[in-house]
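Asks: Okay, handing you the structure first.
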């Protein structure tokens, strides 16, 4: 019976079959398509214009975001195997250096890194030279790739990484008489790599490369492999550094542990030849998290570039959404309060948690947990309201496939897994150890609420950026183009102006309806809240180590690994959320 | 300049713009599309027929393999979050049970597993009841999903898992007086789950569910999460079991270790109440790897089902490629020799490696490595020849997007990472320890060659299954359908027979050209070689433990984890390769 119903509902004319195929390709409801066709007179006129000239035809063709050589290329296979092989070999070397340390030492690992960094840097220089010489190398730019927050973050963390390398060089210069020269060569090579790569990604993150596609794919995958290897090495080194004295971990907080470890890190037979060694070491270990973030940022951008190789995209700039705070008040104000309270808490926490007295440390932890829990509760309430409004609003989802958007969502959800992991491990640890104090009760509450908040925030952001933007100036989408092309064959609307884009500039200036106003308020609040949730871990708050429950429940090295892998992804997630929420603010 | 060239090359007429958009949607070259249009008179006639009736229109529409509700559903988000949360919480529990063991014991983990298994089983029964009652629930079947090797493997490993559960129940019945009853409840629940799931996947692996899509998505993701949790638990338990005596690992091979561990596994204060305990325990630990494979198989099938929810596919059966060994001789003969030699080696190895004398064990290892190395070398040579022929042949790549094929390739390459990991870890270990004996030299050679062979075999298989099949009876593809619909609007070819499929039956009976013959020979040889490479690890050959280099270089628990995670994926990979090579054999 269902089978028959389905057949009955199917379109019968050729035009309709065609339209329905197009609609289904774009993953859209056919009925909705027909509705659009009936209503969208304005859109038809726009598209009508698009069908006139070659230039417009090029836009219509390229907006489908296709790749020229998907079927025929061997480049993506080779590049995938390069990534796979470098990463797995690197994994084996890192494991060897951790679990063996004698036959495969840290020096061997650094030699391996130098070996992969040099060709990567050379390739980036070659790419730069090549694209300068050949004008047709990059015909299109993906306007969504490499947004300003990602590039800004890259530069910021790149600068920190450079400073880290300088400190490292200064530190190991004191050990030249008794340590391998590789220890100095590696930070030098890494510094050059960071300089070249930051410059490269700043200029070329949006490129959709059209020539030498296979070489470019391989180069980009090599770059990705190098960044992931640097990330893996940095995480391992930081974790090892924190677990030099795992046995004494029960009675010391991470800070005192770190100080002790740092003091005894040099081999006892090898003394530093200058006096400022320990300062340099403290400084460069403090900068490790920034270097880890740098590698994550570079990896994300390189991956997006790789996906864009050979892609043909619409190369005109996206619609400018002007940013203004008109009509919104409550959200930004509330967000600012949370932000200021968070920063105050952070400063007090950072001072008090280093105190000698247990009581003062507990006080600091309590304060930190309370602030975070309250922030998360407020955020959750706002998000739930936002999701309800999305449901009420019934705005259309943006039509057409947008690979960059899908990629963006993938990165968002993927990076949220870091925070998920840390939270779930904390929940299991607290429940396993039993809630013996209010500090741990708060820790549990914070972790559970964080899990809830992460799920809901992901849903809110994905819903937000998938909706068709509330354009005050409407723009035609590729899907309406295609349908309109059909419509136009049949009935030529003569009463509509024909000049390109003459029909699209209908700016509206009236107060926002309450739903849009509410969405803007909510986005603004969430944006500011995410900023404070980003700032606190990024600049060194580590309650996961200051509260000994994790290190007691799991063994120390396990807990250090979980936190050191999970937290940088959590920081990346918060930054990404801020950017996405800004987009939701603008488009709603 | 490039920009202009690009514009010049663009189509100008409406028809051509339209065709080019369609072509670009399908990721195909526009010029090739036009060529097809000019040449494909036969195809046009087929498609012509397709445009006649509603039924055919339904096929044309559905062949585009689209999803009905991609844009609007919240189901996939919710289901993804279910998977994420269950898995990460499970991960935390597993880590807790490994690193703590007191507050979170194995019993807690099993309670968690029971809690997720029961709703999963209930959902599968509900699904069965629902699809039986509602006829329209499953309108389409994906003919590529759940191939017979996957379902057969599922049943085979399912039977082994059931036997394992029976042994486990029998074993723990002996400990009822002093151990938790959960230890008996868990295998009972697991056995019911395996029965229901095997039945469910056997019948429904090909379903493209159309009703209750969101519930189905969530149910499938819950099933996937359950299977992955069972996999994770089994891997952990097996690894823990092998590392009960990590300190004495240097002097014992894994077998003796396992025997000692088994003998002392029961708590000393808790004695088994019946005499056959140790037999049951040996038996169920021997069956663990089959249970691990079962979870991997079920996960792969569930994931494919999840991807197919709401998908509209062409529901007519694929072209029947008849299997025959006409024209091929060398490949199957060579493959059979390798297979027989491999089985003989395997039997001798399994006997000799348990010997007391070091010399005899080394002999067995040498023999094993030599056989494997020779096999891999032969395979590599054949694959290289095959790739050259692919390059010479210039057969078109299959047109259109095929999500199942992409998924298949993803699973193939993904599962090969297990073997990659084991090989690279071995390479690093041997190089780190230094090649002190011919056994380790062979081990190194085998590992390096395996890496090369894996890369090349992946390329060969992907190239093979992406090529347009050498149909003796040609079939129209959706892409030519669309183009032909256009062509047909302009010129109605009256000289071509109109009845559906009257033009497609042109069977050819002549000897194969040498390229096709060679490809068939190569596929047959590789198929049989992959069978032996699958049999040896699947039935218990573990040179990774019998050769002490891995356990010496990495710490024992690290090496056990690497091998226990990597090898099952390697076994899955070989089985998958066999199936894919069979397809390459048929289509070339």
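The values are calculated or read from the model by the stated rules, or taken from the named source; none is laboratory data. Predicted model, so just to flag it, every value in this text is computed and none were measured. All Cβ positions, even for glycine, are placed from backbone atoms using ideal geometry, and neighbour counts span all protein chains on display.
Asks: Confirm whether residue A:582 is away from chain B (no Cβ under 14 Å), surrounded by fewer than 21 Cβ atoms within 10 Å (Cβ to Cβ) and touching a residue at least 12 places away in the same chain (Cβ under 8 Å).
Replies: So residue A:582 fits the description; yes.
Asks: With respect to the numbered conditions (1) more than 26 Å from the chain's Cα centre (by Cα); (2) under 22 Å from residue A:225 (Cα atoms); (3) assigned to a helix (DSSP H, G or I), which one is the sole condition not fulfilled by residue A:85?
Replies: Result: residue A:85 fails condition (1) only.
Asks: Would you check which residues across region B:228-266 are more than 20 Å from residue B:160 (Cα to Cα) and at pLDDT 50 or above and list them?
Replies: B:240, B:242, B:243, B:244, listed by residue number.
Asks: Looking at the structure I just gave you, is residue B:481 touching a helix residue (DSSP H, G or I) at 6+ places or on another chain (Cβ under 6 Å) and either at pLDDT 80 or above or within 12 Å of chain A (Cβ to nearest Cβ) (or both)?
Replies: yes
Asks: Test residue B:158 against the stated conditions and say whether it is surrounded by fewer than 21 Cβ atoms within 10 Å (Cβ to Cβ) and within 17 Å of the chain's Cα centre (by Cα).
Replies: For residue B:158, the condition - surrounded by fewer than 21 Cβ atoms within 10 Å (Cβ to Cβ) and within 17 Å of the chain's Cα centre (by Cα) - is not met.
Asks: Let me ask you something else. Does residue A:443 satisfy the criteria of being more than 12 Å from chain B (Cβ to nearest Cβ), at pLDDT 90 or above and either crowded, with 19+ Cβ neighbours inside 10 Å or under 17 Å from residue A:559 (Cβ atoms) (or both)?
Replies: yes
Asks: So is residue A:153 within 14 Å of chain B (Cβ to nearest Cβ), at pLDDT 85 or above and buried (at least 21 other Cβ atoms within 10 Å of the Cβ) or not?
Replies: no
For every residue, the table says whether it meets (1) outside any helix (DSSP H, G or I); (2) touching a residue at least 60 places away in the same chain (Cβ under 8 Å); (3) more than 20 Å from residue A:447 (Cα to Cα).
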{"site": "A:326", "(1), (2), (3)": "yes, no, yes"}
{"site": "A:331", "(1), (2), (3)": "no, yes, yes"}
{"site": "A:337", "(1), (2), (3)": "no, no, yes"}
{"site": "A:340", "(1), (2), (3)": "no, no, yes"}
{"site": "A:344", "(1), (2), (3)": "no, no, yes"}
{"site": "A:347", "(1), (2), (3)": "no, no, yes"}
{"site": "A:354", "(1), (2), (3)": "yes, yes, yes"}
{"site": "A:360", "(1), (2), (3)": "no, no, yes"}
{"site": "A:366", "(1), (2), (3)": "no, yes, no"}
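Asks: Residue by residue through region B:98-110, note down the ones that are crowded, with 16+ Cβ neighbours inside 10 Å and either within 14 Å of chain A (Cβ to nearest Cβ) or modelled with pLDDT under 80 (or both).
Replies: Those that are crowded, with 16+ Cβ neighbours inside 10 Å and either within 14 Å of chain A (Cβ to nearest Cβ) or modelled with pLDDT under 80 (or both): B:98, B:100, B:103, B:104, B:105, B:106, B:108, B:109.
Asks: Test residue A:395 against the stated conditions and say whether it is more than 10 Å from chain B (Cβ to nearest Cβ) and not in a helix (DSSP H, G or I).
Replies: Spelling it out, residue A:395 is indeed more than 10 Å from chain B (Cβ to nearest Cβ) and not in a helix (DSSP H, G or I).
Asks: State whether the residues of region A:86-97 include one that is crowded, with 16+ Cβ neighbours inside 10 Å, more than 12 Å from chain B (Cβ to nearest Cβ) and on the phi < 0 side of the Ramachandran plot.
Replies: Looking through region A:86-97, none of the residues is crowded, with 16+ Cβ neighbours inside 10 Å, more than 12 Å from chain B (Cβ to nearest Cβ) and on the phi < 0 side of the Ramachandran plot.
Asks: Just give me the residues in region B:112-150 being within 14 Å of another protein chain (Cβ to nearest Cβ) and either over 27 Å from residue B:185 (Cα atoms) or exposed (fewer than 15 other Cβ atoms within 10 Å of the Cβ) (or both), in sequence order.
Replies: B:130, B:131, B:132, B:133, B:134, B:135, B:136, B:137, B:138, B:139, B:140, B:141 - these are the residues of region B:112-150 that are within 14 Å of another protein chain (Cβ to nearest Cβ) and either over 27 Å from residue B:185 (Cα atoms) or exposed (fewer than 15 other Cβ atoms within 10 Å of the Cβ) (or both).
Asks: Please state which of the following conditions residue A:435 fails to meet, knowing it meets all the rest: (1) surrounded by fewer than 19 Cβ atoms within 10 Å (Cβ to Cβ); (2) more than 12 Å from every other protein chain (Cβ to nearest Cβ); (3) out of contact with any helix residue (DSSP H, G or I) (no Cβ under 6 Å at 6 or more places or on another chain).
Replies: Evaluating residue A:435 over (1) surrounded by fewer than 19 Cβ atoms within 10 Å (Cβ to Cβ); (2) more than 12 Å from every other protein chain (Cβ to nearest Cβ); (3) out of contact with any helix residue (DSSP H, G or I) (no Cβ under 6 Å at 6 or more places or on another chain) leaves (3) as the failure.
Asks: Same structure again: Between B:561, B:538, B:524, which is surrounded by 23 or more Cβ atoms within 10 Å (Cβ to Cβ) and either in contact (Cβ under 8 Å) with a residue 60 or more places away in the chain or more than 23 Å from residue B:329 (Cα to Cα) (or both)?
Replies: Answer to the check: B:524.
Listed here are the residues, each with its yes/no results for (1) surrounded by 23 or more Cβ atoms within 10 Å (Cβ to Cβ); (2) within 14 Å of chain A (Cβ to nearest Cβ); (3) outside any helix (DSSP H, G or I); (4) under 18 Å from the mean Cα position of the chain (by Cα).
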position	(1), (2), (3), (4)
B:557	no, yes, no, no
B:565	no, yes, no, yes
B:570	yes, yes, no, yes
B:573	yes, yes, no, yes
B:576	yes, no, no, yes
